[in-house]
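Chemist: Mind having a look at this structure? Questions to follow.
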Amino acid sequence: MLNKVCVLLAAFGIHFLCTHSAKADSTGVDTQPQFLQEYIWDFANGSTHYVPMKSPQNGWTCFLTGIAGSFSQPGEFIKIDVLVIGTAVIWKLHGQSFQPGTKAFARCVQT
């Protein structure tokens with residue numbers, strides 16, 4: 001029951017009840033089974049940096065929950081895409097921006 005409540009809260013942007021820190025394996029993929037881990041892409045980490053998230057192979061669906069900053073130049077974007085590492089497939093949050101302060105937020109739920 002708690003997991004369903006956490007998913008419902010995530011849909012409304014409420015995350016203080018269910019969050020905990022993530023742990024990653026050697027490929028950088030988040031291995032903790034949580035519902036409200038927030039992933040953040042930040043221009044400060046480099047405009048080509050991506051954030052690895054959960055795997056659709058394990059039934060995870062990831063979605064954007066927010067963006068911040070200014071997207072005013074051609075070619076600037078934020079998106080969730082699929083990344084293939086060997087036989088592993090993961091969702092990744094990434095973007096391109098030339099504006100300091102640009103961020104994107106995402107969460108994943110197991111379906």
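Every number here is computed from the coordinates shown, using simple stated rules; none is lab data. From a predicted model like this one, the values you see are computed outputs, not experimental measurements. Here Cβ is always computed from backbone atoms with ideal geometry, including for glycine, and neighbour counts include all displayed protein chains.
Chemist: In sequence order, what are the phi-derived ³J(HN,Hα) couplings for region 92-103 according to the Karplus relation 6.51 cos²θ - 1.76 cosθ + 1.60 with θ = phi - 60°, rounded to whole Hz, with x for glycine and proline?
Modeler: These are the phi-based 3J(HN,Hα) values: 9, 9, 8, x, 9, 8, 10, 10, x, x, 6, 9 Hz.
Chemist: Next question. Counting other C-beta atoms within 10 Å, which of Thr61, Thr102 has the fewest, and how do the rest follow?
Modeler: The order, fewest Cβ neighbours first, is Thr61, Thr102.
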